[in-house]
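A.B. asks: To start, I am sharing the structure in question, which I have written as structure tokens.
The values are calculated or read from the model by the stated rules, or taken from the named source; none is laboratory data. Given the structure is predicted, the values throughout are model-derived calculations rather than measurements. Quick reminder, even Gly has a Cβ in these numbers, built from the backbone with ideal geometry, and neighbours come from all protein chains shown.
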Amino acid sequence: MTEYPVEEEPFGFAGLALRPELLQALSGLGYEEPTPIQREAIPPLLDRRDVLGQAATGTGKTAAFALPLLNALDLDLGHEPDAGPAALVLVPTRELAEQVSQAVHKYGSALGVRVLPVYGGTPIGRQLFALKRGVDVVVGTPGRVLDHIGRGTIDLAGVRTVVLDEADEMLDMGFAEDIEAILAETPDERQTVLFSATMPARIETIARQHMHDPVRIQMGRATTAPGEMPKVRQSVYLVARAHKPAALGRVLDIEAPKAAIVFCRTREEVDELTELLNGRGYRAEALHGGLSQDQRDRVMGRLRNGATQLLVATDVAARGLDIEQLTHVVNYNVPSAPEAYVHRIGRVGRAGREGAAITLAEPREQRMIAAIERLTRQPIAIENVPTVADLRARRQEQTREAIEEHLGAPDLDRFRGVLGKLTEEHDLETVVLAAIKMLHEASGGDGDDVEIPSVARSPRDKGGRDRGARHDDRGPDERRGRPGAGRPANAGSARLFLGIGKRAGLRPQDMVGAIAGESGLSARDIGQIQISDRFTLVEVPERSADMVIAALRRATIRGRKATVRRERPN
Ligand code: AMP
């Protein structure tokens with residue numbers, strides 16, 4: 001058996017035997033080093049081994065399977081129009097199909113890779129056209145891939161790698177049979193890669209039946225003793241990707257850190273955020289991996305003496321930094337491994353000082369938060385991004401604090417003359433209020449006034465444990481489809497009515513796919529689904545109901561626009 005040792009020392013991508021075109025793409029994207037899952041999965045995948053990986057969104061799992069898959073493509077030979085795809089990636093939702101396909105394109109563009117996302121809910125014509133011209137990698141949802149196989153428009157006989165991404169979600173959505181049927185169309189000697197955030201028994205069954213002696217990779221198994229964790233206030237703010245820059249600004253405005261590191265994933269992100277934060281009035285500096293020790297020392301000096309407030313850095317650039325003054329660590333993304341989180345936040349709260357660790361997480365990354373909680377054995381508060389009202393209240397509080405700091409100043413008497421003159425004509429309270437207003441506005445005023453939309457949260461078990469543990473192993477038909485009309489929705493749930501049903505060919509997995517894909521809700525958040533001939537009732541968490549309605553109204557389900565509203569009480 002081949003051993004795949006985990007490197008203790010960080011190393012760059014150059015340590016992996018990837019084609020130069022791929023290494024160049026990674027460096028162009030500003031990736032400085034592989035994430036732990038990449039470090040562990042890429043070598044065996046390059047050796048064409050099967051890999052069974054437990055990894056959630058945010059770990060870098062997409063690149064972990066995409067890079068070896070691209071590395072193995074025989075692109076010089078594969079350009080015959082009817083050669084069929086060499087790799088197939090199955091994903092649970094349309095959103096993920098698009099993301100993964102963009103990632104494959106991004107990494108493989110110098111290789112000239114042709115990748116096609118295929119998913120339901122959109123006209124099939126464009127997909128047919130692309131398939132006719134030939135594609136190397138198909139990234140699709142199981143339902144639509146099976147449709148294409150049925151029509152004879154995708155031939156999987158030449159597939160050499162199959163990836164099942166977010167396999168637990170696919171099973172939750174009722175795709176087990178579709179996956180079986182698709183795998184049956186692929187050659188037995190294919191390489192099979194399975195990534196799943198949780199490992200329920202049904203995943204093991206798939207692994208046993210369809211994988212050949214897989215290398216198993218499990219992230220975040222270790223735990224940290226409670227005493228080893230720094231005493232730091234930890235918060236996670238849930239925010240959609242599009243609103244992250246605004247959310248970062250808002251959170252920093254509220255926290256008003258004296259000295260903070262903002263951690264990013266890539267060099268590109270470091271540059272973008274440094275610019276954004278400077279534009280917002282912060283004194284921010286980028287900390288690059290490429291800086292000499294001298295330059296680093298100077299940056300650190302500026303942070304220590306207060307000339308710089310924020311350092312924007314990647315993990316690599318910040319390695320070895322020791323800054324006593326640091327009050328805040330801000331993770332612009334959830335770190336790719338729980339251990340990295342612990343390492344980062346260990347930079348604050350030293351020697352009994354107060355410190356705060358703030359993390360911006362996309363809704364899909366909530367599992368990573370659970371993994372961090374498991375590692376640290378500490379619950380982390382998940383909060384929505386502060387509202388405009390929160391910001392205004394905080395700004396006023398800051399103004400009050402600033403005034404209070406000056407109450408004991410020795411030279412206040414200098415201004416008695418000014419006060420005297422003003423109070424000849426105005427009452428004292430009005431004068432004081434005007435002075436407060438002036439100070440408040442001079443220090444930035446109320447700040448911006450655009451609300452940042454809050455997002456749906458996955459339900460959490462008591463004590464903030466892994467939501468993945470809530471996973472049940474019942475099949476979709478046991479979980480869904482129980483008679484529901486006429487009885488009240490479960491507590492905390494809202495029941496939605498959709499004017500589409502069996503007659504339009506709607507299946508529970510279509511419904512789950514549409515909701516998960518369009519609204520970002522996880523399959524686990526969706527309650528019972530009852531499909532009648534002409535309509536469907538589905539339960540979703542009450543707090544997400546309006547967002548789901550709005551998303552479904554924009555979407556097409558089984559090729560149609562459907563009426564979507566809350567179920568009217570009888
Ligand atoms: P994933 O877990 O695959 O959804 O990836 C999460 C994010 O991390 C994506 O935005 C990737 O572009 C980014 N990413 C993946 N690998 C790396 C890496 N080695 N360095 C920096 N960013 C990465």
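A.B. asks: Mind checking which residues of the stretch 249-264 are farther than 19 Å from Arg296 by Cα and buried (at least 16 other Cβ atoms within 10 Å of the Cβ)?
C.D. replies: The answer is Gly249, Arg250, Val251, Leu252, Asp253, Ile254, Glu255, Pro257.
To keep it simple, each residue is scored yes or no on (1) within 16 Å of the ligand (Cβ to nearest atom); (2) modelled with pLDDT under 95; (3) β-branched (Val, Ile, Thr); (4) more than 13 Å from Val312 (Cα to Cα).
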| residue | (1), (2), (3), (4) |
| --- | --- |
| Met219 | yes, yes, no, yes |
| Ser235 | no, yes, no, yes |
| Arg283 | no, yes, no, no |
| Gly289 | yes, yes, no, no |
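A.B. asks: Residues that are of a type in the set (A, V, I, L, M), outside any helix (DSSP H, G or I), within 16 Å of the ligand (Cβ to nearest atom) and within 26 Å of the chain's Cα centre (by Cα): does the stretch 116-131 have at least one?
C.D. replies: No, every residue in the stretch 116-131 fails to be of a type in the set (A, V, I, L, M), outside any helix (DSSP H, G or I), within 16 Å of the ligand (Cβ to nearest atom) and within 26 Å of the chain's Cα centre (by Cα).
A.B. asks: Look at the stretch 259-315 and say how many of its residues are over 25 Å from Gly12 (Cβ atoms), in contact with a helix residue (DSSP H, G or I) (Cβ under 6 Å, 6 or more places away or on another chain) and assigned to a loop (DSSP other than H, G, I, E, B).
C.D. replies: 3
A.B. asks: Any chance the stretch 400-418 includes a residue that's touching a residue at least 60 places away in the same chain (Cβ under 8 Å) and not assigned by TED's automatic domain parsing to the domain that holds Glu255?
C.D. replies: Looking through the stretch 400-418, none of the residues is touching a residue at least 60 places away in the same chain (Cβ under 8 Å) and not assigned by TED's automatic domain parsing to the domain that holds Glu255.
A.B. asks: With (1) more than 7 Å from the ligand (Cβ to nearest atom); (2) more than 17 Å from the chain's Cα centre (by Cα) as the list, and Glu33 as the residue in question, which single condition is left unmet?
C.D. replies: Only one criterion in (1) more than 7 Å from the ligand (Cβ to nearest atom); (2) more than 17 Å from the chain's Cα centre (by Cα) is unmet by Glu33, namely (1).
A.B. asks: May I ask you to say which residue of Thr399, Thr359 is of a type in the set (Val, Ile, Thr) and not in a strand (DSSP E or B)?
C.D. replies: None of the others qualify; the one that does is Thr399.
A.B. asks: Further question: Hey, does the stretch 387-399 have a residue that's farther than 30 Å from Ala246 by Cβ and in contact with a Lys or Arg (Cβ under 8 Å, 6 or more places away or on another chain)?
C.D. replies: No.
Yes or no, residue by residue, for (1) touching a strand residue (DSSP E or B) at 6+ places or on another chain (Cβ under 9 Å); (2) of a type in the set (Gly, Ala, Ser):
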site	(1), (2)
Ala318	yes, yes
Pro335	yes, no
Tyr341	yes, no
Gly349	yes, yes
Met368	yes, no
Ala371	no, yes
Leu375	no, no
Ile382	yes, no
Pro386	yes, no
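A.B. asks: Name the residue, out of Met219, Met211, that is out of contact with any helix residue (DSSP H, G or I) (no Cβ under 8 Å at 6 or more places or on another chain) and closer than 30 Å to Ile372 by Cα.
C.D. replies: Met211
A.B. asks: Follow-up. Looking at Leu171, Leu116, can you tell me which residue is within 21 Å of Gln509 (Cα to Cα) and buried (at least 16 other Cβ atoms within 10 Å of the Cβ)?
C.D. replies: Going through Leu171, Leu116 in turn, just one is within 21 Å of Gln509 (Cα to Cα) and buried (at least 16 other Cβ atoms within 10 Å of the Cβ): Leu171.
Matching residues to (1) hydroxyl-bearing (Ser, Thr, Tyr); (2) buried (at least 22 other Cβ atoms within 10 Å of the Cβ); (3) not in a helix (DSSP H, G or I):
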site	(1), (2), (3)
Ile37	no, yes, no
Ile42	no, yes, no
Arg48	no, no, yes
Ala56	no, yes, yes
Ala64	no, yes, no
Pro92	no, yes, yes
Ala97	no, yes, no
Val100	no, yes, no
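A.B. asks: Answer yes or no as to whether Asp271 is at pLDDT below 90 and among the charged types (D, E, K, R).
C.D. replies: no
A.B. asks: Take Glu185 and tell me if it is in the same structural domain as Pro68 (by TED's automatic domain parsing), without any contact (Cβ under 8 Å) to a residue 60 or more places away in the chain, within 29 Å of Gly559 (Cα to Cα) and surrounded by fewer than 19 Cβ atoms within 10 Å (Cβ to Cβ).
C.D. replies: So Glu185 passes the test.
A.B. asks: Just give me the residues in the stretch 91-139 being closer than 23 Å to Pro20 by Cα and among the hydrophobic types (A, V, I, L, M, F, W, C), in sequence order.
C.D. replies: If the condition is that a residue be closer than 23 Å to Pro20 by Cα and among the hydrophobic types (A, V, I, L, M, F, W, C), then Val100, Ala103, Val104, Ala110, Leu111, Val113, Val115, Val135, Val137 are the ones that fit.
A.B. asks: Restricting to the stretch 538-563, count the residues that are surrounded by fewer than 21 Cβ atoms within 10 Å (Cβ to Cβ), more than 21 Å from the chain's Cα centre (by Cα) and not in a helix (DSSP H, G or I).
C.D. replies: Total satisfying the criteria: 8.
A.B. asks: Within the set of pairs 6+ apart or on separate chains, which have a first residue in the stretch 39-59 that is in the same structural domain as Asp168 (by TED's automatic domain parsing), a second that is charged (D, E, K, R), and C-beta atoms under 6 Å apart?
C.D. replies: Correct list of pairs: Leu52/Arg216; Ala55/Lys61; Ala56/Arg367; Thr57/Arg364; Thr57/Glu365; Gly58/Glu365.
A.B. asks: For the stretch 523-533, indicate whether the set of residues that are of a type in the set (A, V, I, L, M, F, W, C), in contact with a Gly (Cβ under 6 Å, 6 or more places away or on another chain), surrounded by fewer than 23 Cβ atoms within 10 Å (Cβ to Cβ) and not assigned by TED's automatic domain parsing to the domain that holds Leu96 is non-empty.
C.D. replies: Checking the stretch 523-533: at least one residue is of a type in the set (A, V, I, L, M, F, W, C), in contact with a Gly (Cβ under 6 Å, 6 or more places away or on another chain), surrounded by fewer than 23 Cβ atoms within 10 Å (Cβ to Cβ) and not assigned by TED's automatic domain parsing to the domain that holds Leu96.
A.B. asks: Next up: If you go through the stretch 18-35 one residue at a time, how many are in a loop (DSSP other than H, G, I, E, B) and either assigned by TED's automatic domain parsing to the domain that holds Ala371 or farther than 22 Å from Met368 by Cα (or both)?
C.D. replies: The total comes to 4.
A.B. asks: Could you say which residue among Gly301, Gly355 is at negative phi, in contact (Cβ under 8 Å) with a residue 60 or more places away in the chain and either of a type outside the set (S, T, N, Q) or in contact with a Phe, Trp or Tyr (Cβ under 9 Å, 6 or more places away or on another chain) (or both)?
C.D. replies: After applying the criteria, what remains is Gly355.
A.B. asks: For the condition away from the ligand (no atom under 16 Å from the Cβ) and at pLDDT 95 or above, what is the one hit in Asp50, Asp82?
C.D. replies: Asp50
A.B. asks: Within the stretch 238-258, take every residue that is in a loop (DSSP other than H, G, I, E, B) and more than 13 Å from Leu311 (Cβ to Cβ) and give me the one that is farthest from the ligand (Cβ to nearest atom).
C.D. replies: Among those residues, the one meeting the criterion is Ala256.
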